[in-house]
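Working notes, structure below.
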């Protein structure tokens, strides 16, 4: 089609003539609303950026020393589990203070414990890597394991909810029985006074 004819058709429809493939002979053009096209393209790019941000790296530090309490390690494991369930990668870092670097096995044992505790939902993406006086591992969520873990949590939650309702029903039955017993005692006591 002649360029002038194509431009006239675009003007009649109230749209724009946009060159799609300029390198070919004749060039390929399309009649479209260019403003709408640019808007949709920017929205798509924004969604893509948001999707890539969803898998950002989170860092969990196991204290300033290898002498960390097991309860503190458990707190870090729980936080890491939440990050992994939300789809984030987790870098677990163990720092060494002073001469602790001579006992690297203690810090590596802490990292191994964390990796083992999170094995049900994650896989070790990077084995211990040394950066100065600290070692770190990277854990990545295993999608199938995470989905299975979420289903397990939902099942446990439903069971607890059902059990909680059963306990409430039992309490209400016990309360009713106590009220009836109290009424019977009151009724029995009134007969003695007559």
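Every read-out reported here was derived from the displayed coordinates using simple, explicitly stated rules and does not represent laboratory data. All of these numbers come straight from a predicted model, not from anything done at the bench. Here the Cβ is made from the backbone with ideal geometry for all residues, glycine too, and neighbour counts use every protein chain on show.
Structure notes:
- Exposure proxy ranking, count of Cβ atoms within 10 Å, fewest first, for 127, 24: 24, 127
- Here the convex hull built on the C-alpha positions of the range 1-119 has a volume of 185 cubic angstrom per residue.
- Modelled FRET efficiency - R0 41 Å, residue 21 with residue 64, Cβ distances, 0.05 increments: 0.10
- C-alpha long axis of helix 34-53 to longest principal axis of the chain, angle in °: 40
- Here is how the number arises for the chain: DSSP H runs of 4 or more residues each give -39500 (n - 2.57), the sum is divided by the residue count, and the result at 222 nm is -20000 deg cm²/dmol.
- For the chain, the antiparallel share of DSSP beta bridges with both residues in that region comes to about 75%.
- Taking other C-beta atoms within 10 angstrom as a stand-in for reagent exposure, 103, 71 fall in the order 71, 103, fewest first.
- Label point of residue 130 set 7 angstrom out along Cα-Cβ; within the range 90-108, amide nitrogens under 19 Å from it belong to 92-108.
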